[in-house]
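Okay, structure first, notes after.
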């Protein structure tokens, strides 16, 4: 069998559904082998977008998709996506081409050491040096991509190796159960939780899995322990429920941080050090129970006293079975914080001024999106507003990145979400800066005949950095830019372009776009002038009083 055919057979054995790609001449044997495969080839307009789509597929399904590029600049364009998947714990396998390694007449043309380049950004990276090694290399790349903590892996397939012949059989994936936490750790954690006066759940990125969400919801329902989430933990529990307090969208001094300050025990589920610390431990402060697939990475602000290491869902089930609500538990203060935060969110959501204010924007989107609708956020200041003010009802229904926090991922992530869940409403929310970094993927979305809404929040500047600039009391300098006519720009790609001229127009326009179908871009002028006053001053002052 030709080695490139064997490679594709190995991908099929791993259950690969999609290869997101920009092929080059070094990939042509593999491309020809894919032509006869059941795997769907999705051609993008930039390798970065191919990587973002593969990573998001992995985030939503728990299974690695593949992104493919050629050597040299094609491979370097995958670097940001590799870091995005690796820091975000999203399983993904990258495949890059290479010139012949046994004999080549092209000198060093386009050749860089791709494997060395990928090593700091991946869990596994190898050059395939013989056709016979393909089954083992592919199996190991997928095994490591899926294994806790999930992430990015990379294989380099040189042109001459792809043309070899091999008689090696494909290796079937093995079924592996995650280790279960030991009984002593469960018992110790249960005793600490039962003895606490004001226990508090903190739910992080590692808990944003379907089964973990189910167990957490049962845990909270039985015990009534209040819960807060990190940005990447949004939706793990229903955020409209009575036990949800709020999201740690801001690093500190928000309402939820008062609940953290008052807790004497924090049950930290799925904590991932790639996110900004949602709280700082201090000697003599709250005791911390760390529940995760892996042991804690200890640093000066995080040194948990109790660790429950193993499958998170199983650990939560074991704890739930051991525990009963305790009469001495007191949640009155946490509930006051919950009520104050919800009132603050509602108070800011009725502003009719135009350009639209972030609080009103969040409310309009929440009103129009169904409970199982998916938001894919790019990176910008609006991410904080959505994390804080947008109630999520199910896991991974708000796809934001607080790990690498890269710009340019919003639109490709939304496109991948639509491929995984074609029946669900999907909306990309992008700042004008982030959108223009991968705006060419509008053509890909149109070509895929997707039903997709893209809100481009236009402030003609890098608004997140402007907020930080003002916070640091520097002059307003160097962060403004111009934009194209977004309506004409969308229409040039075959999408539908819209622009609102009043805040009241947004909600009915989104509803109309949902009914019509197709790819719709909505230019939404946004006013961030109150960011500093509200996020840095008002919230802090109100939180102090709780």
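Just so you know, all these numbers are worked out from the coordinates, no wet-lab data involved. What you see is a predicted model; the values in this text were computed from it and never measured. Here Cβ is always computed from backbone atoms with ideal geometry, including for glycine, and neighbour counts include all displayed protein chains.
Once segment 332-430 is represented by equal point scatterers at the alpha-carbon sites, with solvent omitted, what log10 I(q)/I(0) does the Debye formula produce at q = 0.16, 0.18, 0.25 Å⁻¹? For the requested q values the scattering log ratios are -0.73, -0.89, -1.33.
Kindly provide the pair-distance distribution of segment 183-333 built from C-alpha pairs, with 10 Å bins from 0 and whole-percent values in order of increasing distance. Calculated over all Cα pairs of segment 183-333, the distribution is 12, 48, 37, 3 percent.
Pairwise Cα distances in segment 3-162 exceed 19 Å for 46 percent of all pairs.
Which whole number in µm²/s is D for segment 258-322 by Stokes-Einstein, with the Kirkwood Rh taken over Cα pairs at 4 °C and 1.567 mPa s? For the chosen part, D equals 104 µm²/s. Segment 36-105 and segment 493-546 have Cα centres separated by 32 Å. Computed over segment 365-418, relative contact order equals 48 percent, with contacts defined as Cα pairs under 8 Å that lie 6+ residues apart. Sorted on the mean count of surrounding Cβ atoms within 10 Å across their residues, most packed first, peptides 173-182, 89-98 read 89-98, 173-182. Helix 3-13 and the longest principal axis of the Cα set of the chain meet at an angle near 30°.
Taking Rh as the Kirkwood radius, which is the inverse of the mean 1/r over Cα pairs, what is the Rg/Rh value for segment 208-271?
Working: Rg = 11.4 Å, Rh = 12.2 Å.
With Rg and the Kirkwood Rh in hand, the quotient comes to 0.93.
Dividing the convex hull volume of the alpha carbon atoms of segment 305-361 by its residue count gives 179 Å³ per residue. Look at the alpha carbon pairs under 8 Å that are at least 6 residues apart: their mean separation over the length of segment 117-183 gives a relative contact order of 38 percent.
For the chain, the calculated P(r) over all alpha carbon pairs, in 10 Å bins from 0 to the bin holding the longest distance, is 4, 18, 26, 25, 18, 8, 2, 0 percent. Convex hull volume per residue, computed on the Cα atoms of segment 1-94, equals 83 Å³. For the chain, the mean residue ellipticity at 222 nm estimated from helices alone is -11000 deg cm²/dmol, where every DSSP H run of n ≥ 4 contributes -39500 (n - 2.57) and the total is divided by all residues, rounded to the nearest 500. Using bins of 5 Å that start at zero, the share of Cα-Cα pairs per bin across segment 287-397 amounts to 2, 9, 12, 13, 14, 17, 15, 11, 5, 2, 0, in whole %. Taking the Cα centre of each part, how many Å lie between segment 294-352 and segment 378-423? Cα centres, segment 294-352 to segment 378-423: 22 Å. In segment 348-537, the C-alpha radius of gyration followed by the widest Cα-Cα span (Dmax) gives 15.6, 47 angstrom.
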